[in-house]
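Undergrad: Sharing a structure here in C-alpha cells format.
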Amino acid sequence: MHDFTLFIPEYIAVSLALIILTTELIWPKIRKDLLAYMTGIAAIAYGVAAVPYLNHTPAIFEGVLNTGDFTTYFRFLAAGIVLVISLLSAHYIQKRNYSGGEYYSLLLIAGVGMTLMASSRELLTAYISLELLSFTLYILVGYFKHERRANEASLKYILLGAFSSAMLLYGISLLYGITGTTSYEGIAGALELREAGTDPGMIMAIVLIIAGVGFKVSAVPFHMWAPDAYEGAPLPITAFLSTASKAAGFALIIRIFGEALFVDGAEWRTLIAILAALTMTAGNLIAIQQVSMPRLVAYSSIGQVGYMLVVIAAMGFGDSEQAANGSSALLLHLTGYIASTLALFTALTVWVNRTGDDSIRGMRGMAKAQPFLALIIAASLFSFAGLPFFAGFSTKLLMFQASMRDGLIWLIGLAVLNSFISLYYYLRVMREMYLFDPPTDIKRFNPTPILAITAGLLLLAMLFIGIFPGPTFEAATNAIASLY
C-alpha cells in the first residue's frame, strides 16, 4: 500500500530538521538559543501532526511499517523528549559556543528514528531505524569534540555499538535462515509450525538478538558503554540517552518478544529473567560507589532496565492477555520514568550551568541556593525509588502485578529489594542538597523562567501519573491493543 500520508509527522520533523541545519549555514551569527526554540517548535509541530492518527485504524505501509496507536504513542513520547532536550540545550550550547545547527537537527532526526523503531513490522526495517537513532547518538555524545572526556565516551560508544549491531544483524540472519522471513508475523507463524524440541540455531539466534538489543538499553553485561557515555556527553544529551534510547529500545523489545518470538517463550524467558536479575542488582550496587551525578544516573537507569525486563520475562509464559497487560504497564512505567528523568536533568542542567560542577558533592547546599531545583531533584529520585505519590510507585506496582507468574515470584522479590537498595544512594544526593551549606561563591539565584516552567510541568506530570495513573494507563493499553 503506497499511502505516503501515513508519515506526515515524520516528513514535517525531517523537513524542519533540514531547515534548522541550513539556517545556521545561511545565517552563521544566529543566536544558538533561537535554534533551540526553533527545535522546540518543530517538536511541538511533530506532536500536533500526530494527533489525527489517534485511535486511527492501523495501516500498513509496504508490509514493513505500521502506523497504529503504538506508533502514535511513541510519536508523542519522541516529540515531548525532543522538546524538553532542546530547551535544556539552549543556554548549555550557547554558553560553550558550539555550532547549534547540526546538534538540533540531529535531535529531531533521532526522534524520527525512535518512532520508526516502534512502527517497524519486520526486523530489517527495525535494524535500519535502530541504526538511524544510534548514529545520531554517536555524534551527539561526542559533540564537544575539543573535550577529551567527550571524545573518549564517543569512541567507546561507537566501537561497542558497532559490535552489538553486528551481533544483532547476525541474530536476524540466523532467524531468517530458520523461518524464511524477517516479518514479526511471519516469524511467529513459522515458529508455530516448527516441530517441538530444542533447536541450537534458534537458541543462538535468540542469544545474539538479546545481546544486540541488550546493548541498546544498557542491560548487564552489555552496559559497559553507558557510564562513560553519560559522563562524557553534554548534559542534555545524557538526558536524551537516558530517555529516548531506552524508550526506543523497549519499543523494539516489546515487538520482538511480544510478537515475533512470543510463541517460543520457553526458549528465552529464563535467559531474560537472569538478565533482569543481573541488570537490576549490578546497576544498583555499582551506583552506590559513584561520585559523579551523570554516572550515578547511568547506573540508576541500568537498574530501571532490570525492572522493565521483568515484564519481558513474564511474556515468555505465553499468556497473550497477561502479556498485553504487562506491556501496557511497561509503557506506563516508561512514560513515568521519562518524565522523572527529564525533570531531574532540567534541574541538574540549571545547576551545572551556574556552578560548572556535575559531581554529587557539587550539589552541596542546593536547597539553600535554589530550593525549587532541590525539590525537583528530590521528587525525581523518590520517583525512581518507587515511593508513594510519585510516578515510579504506581508504575512499578502495576508493572510487577502484571508480571506475577509462579516462576517469577523470586524475580519480583529481588526487584523490590533492589528498589530499597536504590534509596541509599538517592538519599546520599539529598543529604548533600539539604544538610550542608553551599560554597561561599554560590549565591541564591533564580532559574530562567522557561526552564522553571518546564521543571514545574514535569513535576506535575510525575505527581499526576503517581496519583492518577488511570488516564495514562488507558492510553498505553490502547497503544498495546494494536499489537495483540
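The values are calculated or read from the model by the stated rules, or taken from the named source; none is laboratory data. Not measured: the values here are computed from a predicted model. Virtual Cβ from ideal backbone geometry, glycine too; neighbours counted across all protein chains shown.
Undergrad: Kindly indicate which of G142, G100, G111, G80 is surrounded by 19 or more Cβ atoms within 10 Å (Cβ to Cβ) and touching a Leu at 6+ places or on another chain (Cβ under 7 Å).
TA: From the options G142, G100, G111, G80, the qualifying one is G100.
Undergrad: Something else: Looking only at helices (runs of 4 or more DSSP H) that fall completely inside the stretch 337-413, which ones have 1 or more residues that are modelled with pLDDT of 90 or more and under 16 Å from Y307 (Cα atoms)? Give the steps one after another, and end with the answer.
TA: Numbers: elements: 366-369, 371-385, 391-402.
Helices (runs of 4 or more DSSP H) meeting the threshold: 371-385, 391-402.
Undergrad: Please state which of the following conditions L175 fails to meet, knowing it meets all the rest: (1) closer than 23 Å to T115 by Cβ; (2) surrounded by 17 or more Cβ atoms within 10 Å (Cβ to Cβ).
TA: (1)
Undergrad: Hey, another quick one. Could you check the stretch 1-23 and list, in sequence order, the residues that are under 14 Å from V112 (Cβ atoms), touching a residue at least 60 places away in the same chain (Cβ under 8 Å) and not hydrophobic (A, V, I, L, M, F, W, C)?
TA: Listed by number, the residues that qualify are P9, E10.
Undergrad: Of all residues in the stretch 167-185, count the ones that are in contact (Cβ under 8 Å) with a residue 40 or more places away in the chain and either part of a helix (DSSP H, G or I) or of a type in the set (A, V, I, L, M) (or both).
TA: 9
Undergrad: Can we say L35 is modelled with pLDDT of 80 or more, within 30 Å of I187 (Cα to Cα), aliphatic (A, V, I, L, M) and in contact with a helix residue (DSSP H, G or I) (Cβ under 9 Å, 6 or more places away or on another chain)?
TA: Considered against the rule, which asks whether it is modelled with pLDDT of 80 or more, within 30 Å of I187 (Cα to Cα), aliphatic (A, V, I, L, M) and in contact with a helix residue (DSSP H, G or I) (Cβ under 9 Å, 6 or more places away or on another chain), L35 comes out as no.
Undergrad: Right, here's the next one. Tell me, please, whether a residue that is touching a helix residue (DSSP H, G or I) at 6+ places or on another chain (Cβ under 6 Å) and under 22 Å from I237 (Cβ atoms) can be found in the stretch 312-330.
TA: no
Undergrad: Just to be sure I understand, how many residues within the stretch 453-477 are surrounded by 18 or more Cβ atoms within 10 Å (Cβ to Cβ) and of a type outside the set (F, W, Y)?
TA: Number of matching residues: 12.
Undergrad: Let me ask something else. Does Q322 count as over 22 Å from M462 (Cβ atoms) and not in a helix (DSSP H, G or I)? Let's see the steps before the verdict.
TA: On the way: over 22 Å from M462 (Cβ atoms): yes; not in a helix (DSSP H, G or I): no.
No: the conditions fail for Q322.
Undergrad: Follow-up. With respect to K396, determine if the residue is touching a residue at least 24 places away in the same chain (Cβ under 8 Å) and closer than 30 Å to G265 by Cα.
TA: So K396 fits the description; yes.
Undergrad: Further question: Name the residue that is farthest from the chain's Cα centre (by Cα), counting only residues in the stretch 431-455 that are in contact (Cβ under 8 Å) with a residue 24 or more places away in the chain and closer than 30 Å to K396 by Cα.
TA: Per the criteria, the residue is Y434.
Undergrad: Please enumerate the residues belonging to the stretch 121-155 that are touching a strand residue (DSSP E or B) at 6+ places or on another chain (Cβ under 6 Å) and at pLDDT 90 or above.
TA: A126, S129
Undergrad: Have a look at I360, I302, I312 and point out the one that is more than 22 Å from L414 (Cβ to Cβ) and either touching a residue at least 12 places away in the same chain (Cβ under 8 Å) or surrounded by fewer than 24 Cβ atoms within 10 Å (Cβ to Cβ) (or both).
TA: I360
Undergrad: Please enumerate the residues belonging to the stretch 93-130 that are farther than 23 Å from A50 by Cβ and within 18 Å of the chain's Cα centre (by Cα).
TA: Selection gives Y127 alone.
Undergrad: Identify all residues within the stretch 24-53 that are among the small types (G, A, S) and either in contact (Cβ under 8 Å) with a residue 60 or more places away in the chain or in contact with a His (Cβ under 7 Å, 6 or more places away or on another chain) (or both); write none if there are none.
TA: Those that are among the small types (G, A, S) and either in contact (Cβ under 8 Å) with a residue 60 or more places away in the chain or in contact with a His (Cβ under 7 Å, 6 or more places away or on another chain) (or both): A36, A42, A43.
Undergrad: Across the stretch 49-102, what is the number of residues that are acidic (D, E), modelled with pLDDT of 80 or more and in a loop (DSSP other than H, G, I, E, B)?
TA: 0
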